[in-house]
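Before any comments, here is the structure.
Readers should treat all values here as calculations from the given coordinates under stated rules, not as data from a laboratory. These figures come from a predicted structure and were not determined experimentally. Note: ideal-geometry Cβ built from the backbone for every residue, glycine included; neighbour counts use all protein chains shown.
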Amino acid sequence: MMPADRRRRVPALAALLAAGLGVIAVTAQTVVTPPKNKYTPEQDVQLGKEAAAEVRQKYPVIADDQINAYLDRAGRALVAAAPANLNHPAFEYSFTPVNLKEINAFALPGGPMFVNRGMFDAAEVEGEVVGVMAHELAHVLLRHGTANATKAQKFQVGAVAGAIAGAIIGGGWGEAISQGSQFGLGAWLMKYSRDYEKQADLLGAQIMARAGFDPRDLARMFEAIERESKGKTPPQWLSSHPNPGNRVEYIRAEADKLTIGPRTNGSGFASAKTRFAAMPPPQSMADQARTGNGDSGGSGAPASVGTVGQPVPPPASQYKTARGGQLFQVSVPSNWVGINGNNAVKFVPQNAYGPYQGQSVFTHGVELGVARAASRDLSESTDAFINAIVRANPGLRVSGAQQPVRISQRSGVGTLLVGRSALGQTERVGVYTTLLADGSLFYYLTVSPQDDAQIYAPAFERVGTSIRLSDR
Ligand SMILES: [Zn+2]
């Protein structure tokens, strides 16, 4: 028995050694370790899903069988090439094209990925698009979104303090409103740190190589992006994925260490590009970024609801309940869309909000929010608030005295402002305010053209009486 056993063991040991050597050769690639994270992969999936629903509602996603199939195939090939220890079984991947012309792509926690058409238009070879997708996939695998949130607490304090100091709008409840769901989409579109960027570049390059693409194509795409960043409209992608420095160089150096595997996803890139060329021209987010209310580089609020200047439908007779974080509940016509701002929520009908001749315009609808009160006196604080509105909107004037009103069973005041809107119509703005338990000012603002006032007055009344504050 003994000799036979020994004979068998020797070749087995040799095989192990050979395999071991093989492994050593491959691990010359840079080891990328996920950062600290207090969330579970399942929470990544949940948070990413909520944000993805927001993206699908706000962005012009493309539903084209051929393009969708191509992106899906390319994405799945990358996922198959991902390191198994980072590819959590809970993850739910999806790959969605967006008809926007900026060179951009982004991924949300737990798997949803969105790729702008501009990325395809800018790419000369498939590896350039696949490379950026691999980079985005690496952010998902390394769970950089929730890792950011893990370390975000200390930054949030500073950000909120800054908002209060810099603007009249603010207050403790403002933050609570904008965080209606635990995180808005904007939280995931924030700038990644340079460390995270380098991790995503390196892991992305490794995944690319395993999926049969040359990581040097990713370096090439970055060169194209850098070239464009010297132009008038820097690619949006750079605002959330900053260059950690020597990006092109270290990706090339990593590529030198990697073996490029066989390609598993078929062709289809060229036909996807042709397909794009046959579609309506892509929209631009440039105007939206200029008029948006965020400074985070990738504000999640939609830049428009329909097209300003087109007919606005009357308020629906059906109402739906909406929440402003933990602060209030309100009923609004079912055909109005909610828009989360920093310290306020707007509800607007189709074609009533968006860019118009270079400025952000809001023609019909309501806004509920929190402002810093100038004093403990409601009337004084309201005057200060109205003055700030009038300063920001020179066409508006106060019309008549403050009137007593009830808001959520507490005393408030109402003020009417009249002016000329950006569209050249006479505009009526109602401002209703009351003090919150913490001393800040809660406001309910109604906006409509004079011509539509009769149609909108009953809706504004119904929305106003439905407000339920829960600050005490
Ligand atoms: Zn990145």
Please arrange Thr433, Thr415, Thr264, Thr307 by how many other C-beta atoms lie within 10 Å of their C-beta, fewest to most. Thr307, Thr264, Thr415, Thr433
Please state, to two decimals, what the Cα-based radius of gyration of region 381-451 comes to when divided by 2.2 N^0.38 Å (N = residues). 1.13
Compute the signed sum of charges (Lys and Arg +1, Asp and Glu -1) over the other residues within less than 11 Å, Cβ to Cβ, of Val140. -2
With a sphere of radius 11 Å drawn around the Cβ of Lys198, what net charge do the other residues whose Cβ falls strictly inside it have (Lys, Arg +1; Asp, Glu -1)? -2
The aspartates and glutamates whose Cα lies under 15 Å from the Cα of Lys49, excluding any fewer than 8 residues away in the same chain, are Glu92
By the scheme Lys and Arg +1, Asp and Glu -1, what is the net charge of all other residues having a beta-carbon under 14 Å from that of Gly414? +1
